[in-house]
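J.: My questions all concern the structure below.
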Amino acid sequence: MTPAHDAPRAIRAVLRRLLPAARGCEVLRDLDREYAAVRERRSRAGADVWYVAQLLHPDTWRLAFALRRLARAAAPPGTLPAAGGDVHRFRSDGGRAWLSGLSLDLRLAWRMLLKSPGLTVVGVLGIAIGTALGVGAFVVLTGLFYPKLPLDEGERVVALTMLDVETGIPAKQLLHDFAAWRAELRSVEHVAAATMGVRSLVTGDAPAKAVRAAEMTASAFRVARVQPLIGRYLLPEDEHEAAPRVVVIGYELWQSRFDGDPAVIGRTVLVGGVPH
C-alpha cells in the first residue's frame, strides 16, 4: 500500500521524466517533503491538488528545461543550483531574470509550432476560446448577482452581510447589529436596514391586494437620493415607536390602485391589517 503522505505517483512520474536524474532527485525530494507538510494541514485531495499545481506551474517547466539544458551541456557541478534548493528558491531567482525566461518560452513555443503546427494552433484556439468564455461568464454573472443599481453613484451602494465563520452560511442579522454598524462604521456614509415581504393592502371599499413591501429605515432614502414625485419620504422621526405609522407607495401602485390621484396623500390605508 502507498503511505498516506506519498505524493501522487502519476504526477511524480511525469516530473521524474522532465527532470534530469541527478538534480531531479533533489527537486522531487523537496517537493515530497512539502507535500507531506501540506498533507498534514489538508485532506489528501487538497494535497493532491497542490501537487498538481506544482506540476502545472510555469516555473516548474522552466526549471526542468534549464536543468536538462545544463545536463546536456555537461556543465560543472558548481553551475547548478546549490544542493538543497527547492522549486520555490528557483522561482525567486527566475523572477529577477524574467527576460531570459520569456526568451526561453518563446523559443519553446516556436519549436512546438514547427514540430506540431496543427496541435499548436488547436491549443492556442482552445486557450483563446476558454479565455473568452471565462470573461463572458464573469461579465454575465457579475451583471446577475452584482448589478449596478440605477441610482446616482449606484456603484457605491453595497450590502453588509454577516457570515458564520465555521459554516460560511449567512447569519441572521439583528437590530442590535444595525445599531452598532450605524454608530461605529466610519467608511460607510449611510447605513440602512430593510426587510422585504408581501403584505395585504386595503384601500377604502376595494378588496385586499397582496403587494410587495419593505419595512425600512429612513436612511434608505438618503442612500437612494431620489426625490419623491409628491409627498415626502420617511424621516428619522418616523422611526420612533410612538410616531404614527406612515407608508410610502411606489409609482406603479399609485397608478394601479389609486388611479394616480394626487389627493392620496393623507389617506389612511391598511397594510397587513394595520392602519397607516
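The values are calculated or read from the model by the stated rules, or taken from the named source; none is laboratory data. Keep in mind that this is a model prediction, so the values were computed, not measured. Cβ coordinates were reconstructed from backbone atoms using ideal geometry, including for glycine residues, and neighbour counts include every protein chain displayed. Just so you know, the surface numbers come from the protein's heavy atoms only, side chains and all, with ligands and any DNA or RNA stripped out. Shrake-Rupley method; radii C 1.70, N 1.55, O 1.52, S 1.80 Å.
J.: Please give the FRET efficiency for Gln173 paired with Arg33, using the beta carbon to beta carbon distance and R0 = 51 Å, rounded to the nearest 0.05.
T.: 0.65
J.: Taking all protein chains as present, what is the carbon and sulfur share of the accessible area of the stretch 186-276, in % to the nearest whole number, probe 1.4 Å?
T.: Result for the stretch 186-276: 54 percent of the exposed heavy-atom area is carbon or sulfur.
J.: Would you kindly find the accessible area of Lys209, with a 1.4 Å probe and non-protein molecules such as ligands, DNA and RNA excluded, rounding to the nearest 10 Å²?
T.: My reading of the accessible area for Lys209 is about 80 Å².
J.: Okay, next question. Tell me, what is the percent relative contact order of the stretch 215-276, built from C-alpha pairs under 8 Å that lie six or more residues apart?
T.: 25 percent
J.: Can you pull the accessible area of Ile129 for me, 1.4 Å probe, Å² to the nearest 10?
T.: 100 Å²
J.: In whole Hz, with x marking every Gly and Pro, tabulate ³J(HN,Hα) for the stretch 258-269 from phi via Karplus 6.51 cos²θ - 1.76 cosθ + 1.60, θ = phi - 60°.
T.: Computed from phi, the couplings for the stretch 258-269 are 10, 6, x, 6, x, 6, 5, 5, x, 6, 9, 10 Hz.
J.: Please calculate how many Å² of accessible area the stretch 119-276 carries per residue, with a 1.4 Å probe and no DNA, RNA or ligand atoms counted.
T.: Dividing the accessible area of the stretch 119-276 by its residue count gives 77 Å².
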